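Engineer: Quick one: the structure is below, questions incoming.
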Amino acid sequence: MKVADIMTRGVISLAPEDTLRKAAELMLRYDMSGFPVLDRGKLVGMITQGDFMRRVETGTDRPRPRWIEFFADPGLLAAEYAHTHARTVGEMMTRNVVTVGEDASLAEAVELMERHHVKRLPVVKRGVLIGIVTRVNLLHAFIAGTPREQPAPLGDAAIREQLIAELGRQPWISPGSVQVAVEQGVVSLTGTIRDERQRAALRVAAENIPGVKEVVEDLREIDPAVVG
């Protein structure tokens, strides 16, 4: 799937001159955690619930001892004051907005969200906002990609073949370190692992194969330092 397949269109937006009260009221009314800010149709910023965490109205602005302020960067202090005392969206919004194109893959969108620690990505086309991708959109994509009915169960030989092939594609398990046997849908895993988290990953890999009824394992964890 691409971003265009799951993005929300007809996005509610704010203008730089809108008041922060209006922004807060819209967030509550529509149960939204943030809005894009448009100036004559052009995306110029984002405002989110996080921007309201440090505000003079709630007493959560950053009071500091006077001696610390004496040594602090005046520019930083000024920026903090502007943020905690701002009255308009344009004065408090984040200006350097991370965006994504409509033809980008969902993997690219998720990578951007993780790298920049954001919960939403405005989707732009030639500088114009055409939609937004949020974590809710990704939930819808997950549901769309999950089959309603379970596929037909595989036989023992097919289960073993598919699991061995899957493990062969994974970088987190050494080739030949784990042996696989299957009998009447019960997968037996024996061998060695170097990290306890590999145990859970092996179980997940097996349980994702249709026809697997149970996973039993006798995996011995070894110290990577000893092995070299």
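Only the coordinates and a few stated rules stand behind these numbers; no lab work does. Everything numeric in this text was worked out from a predicted model, so none of it was measured. Every residue, glycine among them, receives a Cβ derived from its backbone with ideal geometry; neighbour counts consider all protein chains shown.
Engineer: Have a look at the DSSP beta bridges in the chain and tell me what percent are antiparallel, nearest 5.
Structural biologist: Rounded to the nearest five, the antiparallel share is 70 percent.
Engineer: With angles folded into 0 to 90 degrees, how steeply does helix 20-30 sit against the dominant principal axis of the chain? Use alpha carbons for both and round to 10.
Structural biologist: That works out to roughly 40 degrees.
Engineer: Report the label-to-label distance for residue 2 and residue 42 in nanometres (one decimal), using points 7 Å from each Cα along the Cα→Cβ vector.
Structural biologist: 2.6
Engineer: Something else now. Among 136, 123, 187, which one shows the highest mean-square fluctuation when the chain is modelled as a Gaussian network with alpha-carbon springs under 10 Å?
Structural biologist: Greatest mean-square fluctuation among the candidates belongs to 187.
Engineer: Of 135, 120, 40, which is the most mobile in a GNM of the chain whose springs link Cα atoms less than 10 angstrom apart?
Structural biologist: 40
Engineer: Once the principal axes of the Cα atoms of segment 134-202 are found, what is the range along each, listed largest first in whole angstroms?
Structural biologist: 41, 30, 17
Engineer: Now, a different point. How many nm separate the modelled label positions at residue 186 and residue 126, each set 7 Å beyond the Cα in the direction of the Cβ?
Structural biologist: With each label point 7 Å from Cα toward Cβ, the separation is 6.5 nm.
Engineer: P(r) of segment 3-145 in 10 Å steps, Cα pairs, percent per bin?
Structural biologist: In whole percents, the pair-distance histogram is 11, 36, 31, 16, 5, 1.
Engineer: Then there's this: For labels at residue 49 and residue 144 in the simple 7 Å Cα→Cβ model, what's the distance in nm?
Structural biologist: 2.5
Engineer: Can you work out the PRE-style zone for residue 25? Point 7 Å along Cα to Cβ, and I want the residues of segment 84-102 with backbone N under 20 Å.
Structural biologist: 86-93
Engineer: Shifting gears a bit: Compute the long axis of helix 196-207 from its Cα atoms, compare it with the longest principal axis of the Cα atoms of the chain, and write down the angle in degrees, 0 to 90, nearest 10.
Structural biologist: Computed tilt is about 70 degrees.
Engineer: Nearest 10 degrees, 0 to 90: what angle lies between the long axis of helix 74-85 and the longest principal axis of the chain (Cα atoms)?
Structural biologist: Value to nearest ten degrees: 90.
Engineer: State the extension gain, in nm to one decimal, for the chain segment bounded by residue 136 and residue 156, taking 0.36 nm per residue of separation less the distance between their alpha-carbons.
Structural biologist: Full-extension gain reported as 3.4 nm.
Engineer: Just to confirm my numbers, what's the Cα centroid distance between segment 146-222 and segment 1-40 in Å?
Structural biologist: 45
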